[in-house]
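Read through the structure below, which is laid out as structure tokens, and then see the notes.
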Amino acid sequence: MWLMEEVGELATALRNGSHEERVGEFADVLAWLTTIANVVGVDLTQAVLQKYGAGCPAAATSFALARTPENHDTSRSNARSSRS
């Protein structure tokens, strides 16, 4: 899978890459992860909030996901809620 190749490239960038290379590789990994989630019908934002909404125990931090018009359409989220 392309995702695994990108994770390998990210690992290399984390070990000996520049900041710009790391930024690019994080973006590549996120893009492929998002693509795979979309293909199988997983809402990645909802998945992260459901699992880590109260924070990540390992990192002792909470997640602040950016709200954009694309991921914060209240009509869609309300429709999803009513189906649960």
| Applying the selection to the stretch 20-45, what residues are among the polar types (S, T, N, Q) and either loosely packed, with under 14 Cβ neighbours inside 10 Å or modelled with pLDDT of 95 or more (or both)? | THR34, THR35, ASN38
| request: Confirm whether ASN78 is touching a helix residue (DSSP H, G or I) at 6+ places or on another chain (Cβ under 7 Å) and at pLDDT below 95. | output: no
| field | Among the residues listed as LEU14, LEU49, the single one being modelled with pLDDT under 95, of a type outside the set (Phe, Trp, Tyr), assigned to a helix (DSSP H, G or I) and surrounded by 11 or more Cβ atoms within 10 Å (Cβ to Cβ) | value | LEU49
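The values are calculated or read from the model by the stated rules, or taken from the named source; none is laboratory data. Just so it is clear, the model here is predicted, and its values are computed rather than measured. A quick note on method: Cβ atoms are made from the backbone with ideal geometry, for glycine too, and the neighbour counts reach across all protein chains shown.
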